[in-house]
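Just below is one structure, and these are the notes that go with it.
The values are calculated or read from the model by the stated rules, or taken from the named source; none is laboratory data. Note that the structure is a prediction, hence the values are computed from the model and not measured. Cβ sites come from the backbone with ideal geometry, for glycine too, and all protein chains shown count toward neighbours. Quick note on the areas: whole protein, heavy atoms, side chains included, nothing else; ligands and nucleic acids left out. Shrake-Rupley method; radii C 1.70, N 1.55, O 1.52, S 1.80 Å.
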Amino acid sequence: MQPIKILIVEDDHSIIEILRIYLHREGYIVYSSLNAADGLLLIEDVVPDIVLLDVNLPDKSGFELARKYRTLSDGILIFITGEKTKSTIIHGFEIGCDDYITKPFDPPEVIARIKANLRRTGKSTPNIITIGDLTINFSDKTVQKNGELIDLFTKEKMLLFHLVQHPNQVFSTEQLYDLIWGMDSSANLKTVLVHISTLRKKIEDDPKHPLYILTERGFGYKFAVHHLVNKKY
């Protein structure tokens, strides 16, 4: 099942992060941008299924970005903005938006609106994601490679699921340690390196030349998605 990709274009980093938390819980792959220029690059590269778009961006109007998205995709377009004037809302719908949410908003309401639009378009929330030869089931917490179940320990699963839910995003060893093992853990940073190594041995064809979990030297690790998703679908 192809993962549903959501792009958030919003100049408030705190709003992006709270939305990211709620969207990841639903199993969506989330991309984000703080401005229209980077948002356009992501739209052209990823062609997201859903765009959550602010109207007032630092470099140009969100309406311009919406028009560009509409030339590339008939996906779901939702404006999330503090603009509440009737003319602005009408203009948004004239461009082709599917929904309009005004700030301040309740994150569960955004999720509900997304699901309503997905039902309308006949798409479903992804509980199972296939990337390359890996199939990850977020419902029953299983991972398969070429149709064969992979035996992963709990922390290995948590590490893999977190990286998959943040595609192409680099996490430092310290960040992964805090996220997976927690600040109060009796383990140390070396345990992250050990788990990365054992995880690669289980999911990679060639652990010494990984395709999925890549090392960004001096920065950390990321789960590579773009080329794998394009190859698969």
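Being within 28 Å of residue 177 (Cβ to Cβ), at pLDDT 90 or above and surrounded by 13 or more Cβ atoms within 10 Å (Cβ to Cβ), is that true of even one residue in the range 113-131?
Within the range 113-131 (the criterion being within 28 Å of residue 177 (Cβ to Cβ), at pLDDT 90 or above and surrounded by 13 or more Cβ atoms within 10 Å (Cβ to Cβ)), the answer is no, since none of the residues qualifies.
Show the residue pairs that are 6+ apart or on different chains and have beta-carbon atoms under 8 Å apart, the first residue being within the range 198-218 and more than 19 Å from residue 173 (Cα to Cα), the second being open to solvent by 60 Å² or more (accessible area, probe 1.4 Å) and of a type in the set (A, V, I, L, M).
204/211; 205/211
Could you grab me the full set of residues in the range 1-29 that are surrounded by fewer than 21 Cβ atoms within 10 Å (Cβ to Cβ) and hydroxyl-bearing (Ser, Thr, Tyr)?
The answer is 14, 22.
Out of the residues in the range 30-52 meeting the condition of being outside any helix (DSSP H, G or I) and surrounded by fewer than 20 Cβ atoms within 10 Å (Cβ to Cβ), tell me which one is modelled with the lowest pLDDT. Quick ask: steps written out before the conclusion?
Step one: filter the range 30-52 for residues outside any helix (DSSP H, G or I), giving 30-35, 47-52.
Now narrow it down to the ones that are surrounded by fewer than 20 Cβ atoms within 10 Å (Cβ to Cβ): 34-35, 47.
Working: 34: 95, 35: 95, 47: 88.
So the residue we want is 47.
Being out of contact with any Lys or Arg (no Cβ under 7 Å at 6 or more places or on another chain), under 20 Å from residue 192 (Cβ atoms), among the β-branched types (Val, Ile, Thr) and open to solvent by 30 Å² or more (accessible area, probe 1.4 Å) narrows it down to one residue among 135, 142, 154; which is it?
Answer to the check: 154.
Taking the range 188-197, which residues are under 13 Å from residue 155 (Cα atoms) and free of Cβ contacts under 8 Å to residues at least 12 places away in the same chain? It would help to see each step written out before you state the result.
If we filter the range 188-197 for residues that are under 13 Å from residue 155 (Cα atoms), which is where we start, we get 191-197.
Of everything in the range 188-197, those that are under 13 Å from residue 155 (Cα atoms) and free of Cβ contacts under 8 Å to residues at least 12 places away in the same chain turn out to be 194, 197.
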